[in-house]
Structure formats: C-alpha cells, structure tokens
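One structure below.
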Amino acid sequence: MERQVTTPQVERLAELLGRSRRAVALTGAGVSVPSGIPDFRTPETGLWAKVDPMEVAHIGVFEREPERFWSYYRPRFQALGDKEPNRAHEALAELERRGLIEGVITQNVDRLHRAAGSENVIEVHGSIETSSCTACGTSFGLEEVDDLFDEGGVAICAACGDAVKPDVVLFGEMLPAAALERATELAAAADLMLCVGSSLAVHPVAGLPQLTLDGGGRLAIVTKGETPYDADAVLKLGGEVDEELGALVEALS
Ligand SMILES: [Zn+2]
C-alpha cells in the first residue's frame with residue numbers, strides 16, 4: 001500500500017478510535033466513488049445521468065413495467081458487478097479486524113465492504129449480491145441473474161417462471177426491518193460513530209448519527225461536502241475518503 005501522509009486531524013481520529021469501546025462506521029456512496037462508482041446524487045456522471053433513478057428504480061415500475069425497469073437496472077448490475085474495493089473499504093475492514101470498530105452500516109448496495117473483508121456489514125438498502133423470486137423466494141447470485149432474462153429483457157425465475165427482483169431496496173419500498181433494527185441498535189450503543197462518504201441526508205439512515213449523539217456518543221465525519229451533522233462532530237476530515245482512511249491506518253500502525 002502506498003504510504004499516506006498523516007495529519008494532526010488523522011492522528012486525532014486514530015486517538016479517538018483507540019479510546020472508544022464501541023465504535024461503528026456508517027458509510028454512503030462517497031466511499032465507493034474511488035472504485036469508479038458515481039454517487040447518483042452527483043449530476044452528469046455515468047449511468048445515472050441518463051435517467052432519473054428515482055423514477056425508474058422504483059418498485060412501481062418494477063411491478064408494472066418490468067421491461068423498462070430492467071432496461072435500466074440490467075446494465076447497472078453489470079457495471080457494479082466488476083468493481084473492486086478501494087483503500088477506504090480496505091481500511092474499514094482493517095479497523096474491524098483490529099477490533100477498533102464493531103462493524104459497518106452502509107447505504108451502498110455494491111457489496112464492496114464484504115469484498116474488502118469486512119464481516120459485520122449491515123446493508124440497510126440491501127445488496128446486488130442476490131436477487132429473489134417474488135413468488136417462490138428462490139435466490140439467485142449476481143452471476144446467475146444474467147441467465148434469467150427472457151426475450152423481453154425481464155428476469156424470470158428458473159424454478160417457477162415468476163418475476164425476479166434484485167434484493168436491493170427500490171425507491172418506494174420500505175427498508176428491511178431486520179437490518180434497520182441492527183443499525184439502530186449499533187448506532188444507539190456506539191460511543192463513536194465514524195461517518196464516511198455520506199451526506200447524511202437520506203432518511204432514515206440520516207437519523208442514525210443522532211441516535212449516537214443522544215446516547216452520549218461522538219461523531220467523526222470523513223466526507224467531502226457538508227453534512228447536517230458537521231457542527232455536532234468532534235472531527236471532520238474533508239479530503240478524499242481513500243486517502244484519509246489510508247492515512248488513518250498508517251497512523252494506527
Ligand atoms: Zn420462483
């Protein structure tokens with residue numbers, strides 16, 4: 001790994017992590033930007049630029065116009081499937097291995113935290129790792145889904161012929177209750193929440209840092225751009241997330 005320059009801010013974050021007993025990380029789209037996955041809220045980039053994801057990646061479109069849904073989602077699946085974790089993902093996996101964080105709560109569906117070696121990953125928006133039949137529940141891995149498409153470009157269950165849906169939370173859908181419950185417990189019990197690459201603006205995940213604050217815990221934020229929690233954080237690092245977290249691992253060594 002390339003050597004990173006540590007700064008007093010990074011040293012301070014290393015110290016905070018070392019002193020905390022129950023730290024947890026919360027990550028958003030920004031953590032995957034160095035892996036070549038654009039943040040869909042940033043305009044004019046990649047696949048997301050061509051259509052409004054909130055309109056097409058919607059449960060109502062999946063149910064009523066599956067051809068339209070999949071014409072958008074199939075290339076997205078393929079584009080995400082070959083991406084690799086970056087130093088920010090690797091650093092968070094290293095923090096977990098060292099017992100410095102309990103796990104990672106993420107809004108990302110790209111499965112890169114797991115690919116980097118993180119084990120306790122709470123994916124509150126689901127993951128592209130699997131897709132499931134909406135009728136019989138048969139689960140298909142990402143690599144299997146491409147074989148399920150019919151002539152109309154719609155993924156059809158190999159077992160029963162009904163519709164197959166990605167195990168991600170689409171717009172208009174509820175968040176998975178079990179994942180949200182685990183995330184809520186971790187956030188409320190944390191004495192330090194390390195927020196990485198998230199604008200902390202998308203509800204209900206945006207409420208998690210407040211749970212940590214309400215429980216007497218502290219926030220450290222590593223993200224470009226402003227968040228609603230900047231004034232509440234004990235520390236804010238605004239550089240590139242992979243560089244900041246790479247430097248953090250160096251500072252801990
Ligand atoms: Zn089925």
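The values are calculated or read from the model by the stated rules, or taken from the named source; none is laboratory data. None of the values given here were measured: they were computed from a predicted structure. We place every Cβ from the backbone using ideal geometry, glycine too, and count neighbours over all the protein chains shown. Remember, those area values only see protein heavy atoms, side chains included, never the ligands or the DNA or RNA. Shrake-Rupley method; radii C 1.70, N 1.55, O 1.52, S 1.80 Å.
Report in % the part of the accessible area of the chain that belongs to carbon and sulfur, leaving out ligands and nucleic acids; probe 1.4 Å.
Within the chain, the accessible surface is 49 percent carbon and sulfur.
When the helices of the chain are scored as -39500 (n - 2.57) per DSSP H run of n ≥ 4 and the total is divided over every residue, the value at 222 nm lands at -10000 deg cm²/dmol.
So if I place +1 on the C-beta of Lys and Arg and -1 on the C-beta of Asp and Glu, and nothing else carries charge, what would the dipole magnitude of the chain be about its Cα centre? I want it in debye, nearest 20. Display every interim value, and only then the final one.
Numbers: 22 positive and 41 negative charges, 140 e Å.
Using only the charged Cβ atoms, the result is roughly 680 debye.
A simple charge model with +1 on the Cβ of Lys and Arg, -1 on the Cβ of Asp and Glu and nothing else charged puts the dipole of the stretch 139-253 at about 600 debye relative to its Cα centre. Once you order the gyration tensor axes a ≥ b ≥ c over the Cα atoms, which shape class does the stretch 189-253 get: rounded for a/c under 1.5, otherwise prolate or oblate by comparing a/b with b/c? It is oblate, given that a/c is not under 1.5 and a/b is not larger than b/c.
Just to check, using Stokes-Einstein with a Kirkwood Rh over alpha carbon pairs, what's the diffusion coefficient of the chain at 25 °C and 0.890 mPa s in µm²/s? Please report the intermediate quantities before stating the final value.
Working: Rh = 18.9 Å.
Rounded, D is 130 µm²/s.
For the stretch 213-253, the solvent-accessible area with a 1.4 angstrom probe is 44 square angstrom per residue. Sorting the Cα pairs of the stretch 125-253 by distance into bins of 10 Å, from 0 upward, gives 12, 29, 25, 20, 13, 1 percent per bin.
Note the count of lysine pairs whose C-alpha atoms are less than 25 angstrom apart in the chain, limited to pairs 8 or more residues apart or on different chains.
Details: 50/83; 50/165; 50/224; 83/165; 83/224; 224/236.
The result is 6.
Using a Gaussian network model of the chain with C-alpha springs under 10 Å, which one of 178, 155, 91 is most mobile by mean-square fluctuation? Highest fluctuation of the listed residues: 178.
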